[in-house]
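Trainee: Mind having a look at this structure? Questions to follow.
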Amino acid sequence: MNIRVNQNYGTRSSGLQTEEIQNKEMTQTQIAKTLEAILDGLIERKEIHSAILSVASGDGALRWTGTRGTISPGDSPVTPGTPWFIASITKLFIASTVLRMVEEGELALEDRLVDRLPASLTDRLHVLDEEDWTNQITIEHLLNHASGLPDYIEDYPAKGRGKDCDGRSLVEILMEDGDRSWSLGETAQWVRERLRPHFAPQPLDAKRVRIRYSDTNYQLLIGIMEARRNAPFFQVLEDLILDPLALENTWIPGHPRKGGPEADVAAIYAGAEVFRLPQFLTAIGDLNSTCEDLLRFLRDMVGGRLFRDADTWRRMQARWRRFPLPLDRAALRQPSWPIEYGLGIMRFRPPRIFTPLRPVPGVVGHTGSTGTWLFHAPEPDLYLTGAVNQMTAGPIPFRVVPEILLALS
């Protein structure tokens with residue numbers, strides 16, 4: 001277990017008395033003990049083999065990171081600097097890159113999907129009740145999950161669709177049959193031939209807009225960026241996000257920064273077994289990163305250092321839409337009520353019915369299906385990130401983050 005606590009209290013005011021400084025240091029010690037207890041509770045959960053948790057205050061007075069477990073079975077311990085697979089936290093990076101390209105005039109939120117990708121990918125991609133809606137899908141639909149497109153990873157094949165279809169979702173096929181590479185063309189074919197859209201692309205100026213989480217949306221956004229810049233996504237990401245923010249320990253699997261060797265990443269588990277899909281994880285563009293890099297990324301986003309226009313950050317949060325309750329098997333593994341979504345960003349505010357005695361501060365950021373999270377709580381200006389690296393742990397962030405906020409607020 002490793003802990004780093006910054007106790008530089010009093011540096012902004014030389015008039016603090018010794019007793020006041022000691023009291024603040026005791027507060028830091030108590031915070032560390034509280035967070036350690038939460039971390040202990042995480043690693044004691046069934047099938048959690050490693051855990052990392054980091055909390056920092058916006059003013060820099062508090063910085064705490066704790067870890068449990070080993071990088072892989074029989075390996076060295078996880079440390080504060082150990083990289084881990086961030087899963088769908090990557091959507092924050094994808095959305096930020098798209099919006100930087102919007103700022104540069106390379107893309108517009110109103111751009112249609114069919115105008116940005118070739119017909120081989122978009123032809124009859126969204127057909128519902130025999131009507132083709134594909135030409136109504138825009139970049140904004142994709143960013144806020146309002147396209148109605150199915151999730152190519154989690155959704156189950158529709159009856160009567162697809163040759164040799166055995167009814168399994170793609171993630172089930174990968175976990176049962178093993179690793180394989182995957183292309184955007186295969187995603188389009190899978191969606192077109194095996195899956196059924198959930199609803200028509202939504203009118204984005206309507207009072208109520210239906211949304212449903214779909215990894216397909218973000219694979220299409222990656223394709224749009226690659227086509228616009230005629231460059232692979234890892235290069236676009238480096239040019240617009242990673243290099244400007246000096247995120248040296250963040251990379252797409254298979255594409256280490258500066259061409260160097262890839263660091264050992266905390267293993268992902270599926271139950272009790274290590275989950276190994278290097279070809280697929282390289283293909284889909286989800287990132288590896290560290291707590292330090294992720295906290296810097298979110299601080300720079302919130303603090304106005306990521307975007308050139310302050311309105312971009314506000315625009316990401318201008319219209320929140322709430323996911324519905326899960327009504328099918330695939331939706332049980334996806335974000336749902338009471339989570340809200342903006343342009344590539346989540347907002348989570350636990351209903352008071354669940355915490356009647358004390359309200360939990362709301363947070364904005366993102367989570368991932370392997371039990372990863374990156375959030376900012378505007379009140380009390382705390383940044384939180386962490387992971388438990390388990391395929392079945394998607395709901396854990398929505399339990400542990402409120403626990404941390406209640407303990408520290």
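The values are calculated or read from the model by the stated rules, or taken from the named source; none is laboratory data. What you see is a predicted model, and the numbers here were worked out from it, not measured in a lab. Backbone-built Cβ (ideal geometry, glycine too); neighbour counts: all protein chains shown.
Trainee: Inspect all residues belonging to segment 163-182 and state whether any of them is under 20 Å from Gly344 (Cα atoms) and within 24 Å of the chain's Cα centre (by Cα).
Mentor: no
Trainee: Could you tell me which residue of segment 205-261 is farthest from Pro150 (Cα to Cα), considering only residues that are among the aliphatic types (A, V, I, L, M) and not in a helix (DSSP H, G or I)?
Mentor: Per the criteria, the residue is Ala246.
Trainee: A further question follows. Taking segment 355-383 as the search range and keeping residues that are farther than 15 Å from Ile345 by Cα and aliphatic (A, V, I, L, M), which one is nearest to the chain's Cα centre (by Cα)?
Mentor: Going through the qualifying residues, I end up with Leu382.
Trainee: Looking only at segment 333-361, which residues are within 19 Å of Tyr383 (Cα to Cα) and of a type in the set (Val, Ile, Thr)?
Mentor: Ile339, Ile345, Val360
Trainee: It is to be established whether one or more residues within segment 201-224 are of a type in the set (Phe, Trp, Tyr), surrounded by 15 or more Cβ atoms within 10 Å (Cβ to Cβ) and within 26 Å of Pro80 (Cβ to Cβ).
Mentor: No, segment 201-224 contains no residue that is of a type in the set (Phe, Trp, Tyr), surrounded by 15 or more Cβ atoms within 10 Å (Cβ to Cβ) and within 26 Å of Pro80 (Cβ to Cβ).
Trainee: Also, I was wondering about something else. Identify, from the list Leu62, Leu53, Leu121, Leu35, the residue that is more than 23 Å from the chain's Cα centre (by Cα), farther than 21 Å from Val236 by Cβ and of a type outside the set (Val, Ile, Thr).
Mentor: On the way: Leu53 fails: more than 23 Å from the chain's Cα centre (by Cα); Leu121 fails: farther than 21 Å from Val236 by Cβ; Leu35 fails: more than 23 Å from the chain's Cα centre (by Cα).
The unique qualifying residue is Leu62.
Trainee: Shifting gears a bit: Spot the failing condition for Phe275; the list is (1) within 26 Å of Pro77 (Cα to Cα); (2) modelled with pLDDT of 95 or more; (3) aromatic (Phe, Trp, Tyr), and only one is missed.
Mentor: (2)
Conditions tested, residue by residue: (1) among the acidic types (Asp, Glu); (2) surrounded by 21 or more Cβ atoms within 10 Å (Cβ to Cβ).
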{"site": "Val114", "(1), (2)": "no, no"}
{"site": "Leu117", "(1), (2)": "no, no"}
{"site": "Leu125", "(1), (2)": "no, yes"}
{"site": "Asp132", "(1), (2)": "yes, no"}
{"site": "Asp179", "(1), (2)": "yes, no"}
{"site": "Phe199", "(1), (2)": "no, no"}
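Trainee: Okay, next question. Any residue at all in segment 298-320 that is under 25 Å from Phe85 (Cβ atoms) and of a type in the set (Lys, Arg)?
Mentor: yes
Conditions tested, residue by residue: (1) touching a residue at least 12 places away in the same chain (Cβ under 8 Å); (2) β-branched (Val, Ile, Thr).
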{"site": "Gly304", "(1), (2)": "no, no"}
{"site": "Thr312", "(1), (2)": "yes, yes"}
{"site": "Arg321", "(1), (2)": "yes, no"}
{"site": "Gln334", "(1), (2)": "yes, no"}
{"site": "Val364", "(1), (2)": "yes, yes"}
{"site": "Phe375", "(1), (2)": "yes, no"}
{"site": "Val388", "(1), (2)": "yes, yes"}
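Trainee: Does segment 300-317 contain at least one residue that is basic (Lys, Arg), within 18 Å of the chain's Cα centre (by Cα) and over 22 Å from Thr250 (Cα atoms)?
Mentor: As a first pass, look at segment 300-317 and keep what is basic (Lys, Arg): 305, 308, 314-315.
Narrowing the set further to residues that are within 18 Å of the chain's Cα centre (by Cα) leaves none.
Within segment 300-317 (the criterion being basic (Lys, Arg), within 18 Å of the chain's Cα centre (by Cα) and over 22 Å from Thr250 (Cα atoms)), the answer is no, since none of the residues qualifies.
Trainee: Specify the residue that is modelled with the lowest pLDDT; the eligible residues are those in segment 46-59 that are under 21 Å from Glu403 (Cα atoms) and either in a loop (DSSP other than H, G, I, E, B) or not hydrophobic (A, V, I, L, M, F, W, C) (or both).
Mentor: Only one residue tops the list, namely Lys46.
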